Structures are given as C-alpha cells and as structure tokens.
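As structure tokens, the structure follows; a few thoughts come after it.
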Amino acid sequence: MASENASLTEHLPTGLAAVEEAIARACKEARRDRATVTLVAVSKTFDAPAILPVIKAGQGVFGENRVQEAKSKWPGLMSAYPGLSVHLIGPLQSNKAKEAVALFDAIHSVDRPSLCEALAREFRSQSRRPQLFVQLNTGEEPQKAGIAPTEADGFIASCREKYGLEISGLMCIPPVNDAPAPHFALTAKIAARNGLANISMGMSADFAIAIAMGATHIRVGSAIFGHRG
C-alpha cells in the first residue's frame with residue numbers, strides 16, 4: 001500500500017502529498033470512499049506564488065478567512081485556472097455579504113440573524129448561491145463565533161423558514177485544549193437530526209479523527225503550505 005500511495009502522490013508538493021496519503025489512510029480505516037471527503041486547502045495569508053504549485057498539482061478547493069484578502073488574489077487565479085472553488089471559512093461581517101456571495105462558492109460561518117438577512121438579500125439580487133454552513137460553537141467559548149449547540153435546531157429552522165436559506169451543513173472548531181472527538185460527535189449528531197448532509201470539521205492536527213466521525217469537508221492549511229509567519 002505504501003508504494004501504491006507513493007505512486008499516486010509523487011507528483012504532488014511535499015505537504016499536499018503527505019496530506020493526501022493521510023486522508024486516504026483515514027478513509028480506508030473509516031471504511032469511507034475518499035471521494036466523500038473534500039479537502040479545503042487553507043491558503044489564508046499565503047500569496048498567489050505560494051498557492052500556484054498546489055493548484056498545478058490538482059488541488060481545486062481552497063479556504064480563506066477574510067473577504068478582502070481573498071479579493072486581492074483569487075479573481076486572477078480563478079481566471080487563469082477555471083474550475084477552482086474558494087470557501088470562506090472565517091467570520092463574515094454582514095456588510096461584506098455582497099462581496100462574499102459574489103466571490104465564494106461556500107460560506108462556512110453563518111452564525112446570526114443579521115448575517116442571514118444580509119445573505120438572503122444578496123441571494124435575491126445576485127444569481128450566485130454559495131453553499132452555506134452554520135457555524136457551531138460546540139465549546140460555547142465566549143470569544144468565539146458560532147451558535148451554541150442548544151440553539152442550533154432553532155437557528156437552522158429560522159434560516160430555512162424565516163430567511164429562505166438552504167443550509168448545506170454545519171461547521172465547528174473545537175476548543176484548542178479539548179479532545180476534538182466529542183465536539184465532532186456532537187456536530188455530526190446535530191447535522192443528522194436536521195437532515196444536513198455536510199459537516200465541515202477537522203484541521204491539520206485532527207482531520208483523521210474528523211473523517212472517522214463523518215466529516216465531509218476538512219480544512220487543512222499548515223500541513224500543506226507550512227507554518228505562517
């Protein structure tokens with residue numbers, strides 16, 4: 001198997017190759033098809049020259065934290081390499097909803113009524129419909145964005161019924177000092193009972209656990225691009 005993996009990934013940049021091997025291994029152990037897991041390569045803070053080798057190696061889905069940063073580099077890259085998909089994985093201010101809907105293919109940080117209202121307004125005025133993920137704050141950390149687990153069902157219902165938004169899935173970021181598995185399990189449970197097919201969870205240090213617990217989207221940055229300065 002090791003030699004087979006090497007043959008599949010030898011043309012990839014070192015970080016991406018190692019991540020792809022780890023995803024394949026985690027999927028095999030979880031008895032999941034590799035195609036059920038989308039790798040979101042988190043390119044925040046990296047400029048176009050740093051991202052280009054990863055694009056050329058075949059990676060097509062990328063994640064950014066800020067609208068302004070994404071606007072500065074992705075329109076040119078997407079024009080040069082059609083078919084790329086860029087996801088907003090950081091917080092979104094309501095006054096940036098217009099730009100976000102125009103640029104991103106998915107927004108992983110839907111977390112409050114004012115943002116739902118802004119997104120619904122832009123969906124009516126623009127022809128684009130990015131995939132939407134409700135962000136959970138599974139650790140109920142006061143400094144972190146996201147909906148508390150006890151409020152998730154009501155918020156998802158409000159997104160659908162009050163604002164007419166189609167919610168694709170849930171996103172979570174466990175507290176840094178907690179074991180991630182309970183937070184992943186809770187997110188998967190809430191997604192299942194609300195009929196949501198997609199779960200965005202797992203980063204460089206814990207994506208194998210997330211895959212085992214049902215993640216459909218994993219957000220991996222430093223393991224691919226290296227540590228940010």
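The values are calculated or read from the model by the stated rules, or taken from the named source; none is laboratory data. On a predicted model such as this, the values are computed, not experimentally measured, just so you know. As a convention, Cβ positions derive from the backbone with ideal geometry for all residues, glycine included, and neighbour counts pool all protein chains shown. For the accessible areas, the whole protein counts, side chains as well, though only heavy atoms, and no ligand, DNA or RNA atoms are used. Shrake-Rupley method; radii C 1.70, N 1.55, O 1.52, S 1.80 Å.
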| request: Look through Leu103, Leu92, Leu88, Leu77 and report the one residue that is more than 15 Å from Gln131 (Cβ to Cβ) and crowded, with 16+ Cβ neighbours inside 10 Å. | output: Leu77
| request: Could you check how many residues of the range 179-203 are over 19 Å from Val220 (Cα atoms) and not aliphatic (A, V, I, L, M)? | output: 5
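Here is a yes/no grid of residues against (1) touching a residue at least 12 places away in the same chain (Cβ under 8 Å); (2) polar (S, T, N, Q):
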{"residue": "Tyr81", "(1), (2)": "yes, no"}
{"residue": "Ile89", "(1), (2)": "yes, no"}
{"residue": "Phe123", "(1), (2)": "yes, no"}
{"residue": "Gln126", "(1), (2)": "yes, yes"}
{"residue": "Glu140", "(1), (2)": "no, no"}
| request: Run down Thr150, Thr187 and say which single residue is of a type in the set (S, T, N, Q), loosely packed, with under 14 Cβ neighbours inside 10 Å and either modelled with pLDDT of 95 or more or assigned to a helix (DSSP H, G or I) (or both). | output: Thr150
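Does the range 36-50 include one or more residues that are farther than 19 Å from Tyr81 by Cβ, part of a helix (DSSP H, G or I) and at pLDDT 95 or above?
yes
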| request: Considering only the range 208-224, state which residues are more than 19 Å from Ser109 (Cα to Cα) and either touching a Leu at 6+ places or on another chain (Cβ under 7 Å) or not in a loop (DSSP other than H, G, I, E, B) (or both). | output: Ala208, Ile209, Ile211, Ala212, Ser222, Ala223, Ile224
| task | Identify all residues within the range 164-184 that are open to solvent by 40 Å² or more (accessible area, probe 1.4 Å) and either of a type outside the set (A, V, I, L, M, F, W, C) or over 18 Å from the mean Cα position of the chain (by Cα) (or both); write none if there are none. | result | Gly164, Glu166, Asn177, Asp178, Ala179, Pro182
| Single condition Ala57 does not satisfy, out of (1) closer than 20 Å to Ala17 by Cβ; (2) more than 18 Å from the chain's Cα centre (by Cα); (3) open to solvent by 50 Å² or more (accessible area, probe 1.4 Å) | (3)
| message | For the range 30-54, give me each residue that is buried (at least 17 other Cβ atoms within 10 Å of the Cβ) and under 14 Å from Gly15 (Cα atoms). | response | Leu39, Val40, Ala41, Val42, Ser43, Ile51, Val54
